[in-house]
1. Using the 10 angstrom Cβ neighbour count as an exposure proxy, how do Met110, Met1, Met32, Met156 rank, fewest first?
2. Helix-derived [θ] at 222 nm for the chain: sum -39500 (n - 2.57) over DSSP H runs of at least 4, divide by residue count, nearest 500?
3. How large is ³J(HN,Hα) for each residue in segment 72-86, as worked out from phi by the Karplus curve 6.51 cos²θ - 1.76 cosθ + 1.60 (θ = phi - 60°), to whole Hz, x for Gly and Pro?
4. For a 26 Å ceiling on Cα separation, which of these pairs sit above it: Lys3/Lys103; Lys141/Lys221; Lys24/Lys197; Lys141/Lys203; Lys36/Lys124?
5. What is the distance in Å between the Cα centres of segment 138-193 and segment 21-91?
6. Quick one: grab the alpha carbon gyration tensor of segment 118-198, order the square roots of its eigenvalues as a ≥ b ≥ c, and give me rounded if a/c is under 1.5, else prolate or oblate depending on whether a/b is larger than b/c.
7. For Gly9, list long-range residues whose amide hydrogen, built 1.01 Å from N in the peptide plane, is under 5 Å from its own amide hydrogen.
8. Using Cα-Cα distances under 8 Å and only pairs 6 or more residues apart, what relative contact order does the chain have, in percent?
Amino acid sequence: MKKAVVITGASSGIGAATAIHFGKNGYFVYLMGRNKDRLAEVAVQCRSGASLMSCDLTDVPALNKRIGEILSTNIHRVEVLVNNAGIFDVHSTEQGTDELWQKEFDVNLMSAVRLTRAFFPYFKQHGGGSIVNVSSSLGLKPTAATSAYSAMKAAMINYTQSNALEGGPFNIRVNAVAPGIVDTPIHPFNALGESEKKEAVSKMNPMQPLGRIGTVEEIAKAIYFLGSQESSWTTGATLTIDGGITLT
Ligand SMILES: NC(=O)c1ccc[n+]([C@@H]2O[C@H](COP(=O)([O-])OP(=O)(O)OC[C@H]3O[C@@H](n4cnc5c(N)ncnc54)[C@H](OP(=O)(O)O)[C@@H]3O)[C@@H](O)[C@H]2O)c1
């Protein structure tokens, strides 16, 4: 049976690059996200085949339907789940409404909880599996005006460790990545014109010990390492890929 990976947030940024990287390494990719056109663009770049699983991860019946479709396939054996989808909201403490916190919770944490809960019995039944959760350097070291996002990303690290303990006896590995600032559409600077973006990025670059912000491919390779058998004795780890910014 061909090996497969499920990736949330695969229509853009880190998730799209991760899908393409797994594809290069022989994995069939289940691409999850809302934007069907962008998912289709990513699918054509996945060399080993891909299936579009479009849905809003906060729409629980729609998500459960997609999970059911993936789990019932007899063509592929899902070996890896990448919980990558996320939203990033910058707001002051006073601006942090219940609604905003709830949205951060639903997308950034509960989508991973729901998928992990569904895949644990599948992985147990199939002799193991690997889960990679996409946290953030802000989950280790927050900045001002990112409280909801940073709290969810910190929770993701703790959730990773708890699941690693529970999954170990069943050969289920659970790890996290904590990226620093990576050039993707999640950042408001990507909505700026070319010269304004260049100026914004040039201010961020010196904040990184390695002197520049990161690329999606640099994160994709780390997710691949943790998801695949290349890291067969690693579980419960959080790998920072951040140009060193967490140390500053
Ligand atoms: N870029 C960074 O600097 C950075 C740093 C640390 C951590 N991260 C984390 O990396 C992950 C990927 O972010 P990115 O930077 O690649 O951002 P991005 O390009 O904006 O991608 C975000 C992805 O999440 C999906 N998504 C958002 N809300 C969704 C929903 N309700 N239902 C289904 N899918 C949803 C989006 O898909 P649709 O639009 O198609 O729904 C998109 O594919 C996130 O967890 C983010 O927190 C990013």
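1. Met1, Met110, Met156, Met32
2. When only DSSP H runs of four or more count, the value is -12500 deg cm²/dmol.
3. 8, 5, 10, 8, 10, 9, 6, 9, 9, 10, 10, 8, 10, 4, x
4. In this structure, Lys3/Lys103; Lys24/Lys197; Lys36/Lys124 exceed 26 Å between Cα atoms.
5. Cα centroid of segment 138-193 versus Cα centroid of segment 21-91: 19 Å apart.
6. prolate
7. Long-range HN contacts for Gly9: Met32, Gly33, Ala85.
8. 20 percent
Every read-out reported here was derived from the displayed coordinates using simple, explicitly stated rules and does not represent laboratory data. The shown structure was predicted, so the numbers you read here are calculated from the model rather than taken from an experiment. Every residue, glycine as well, gets a Cβ built from its backbone with ideal geometry; the counts of neighbours run over all protein chains shown.
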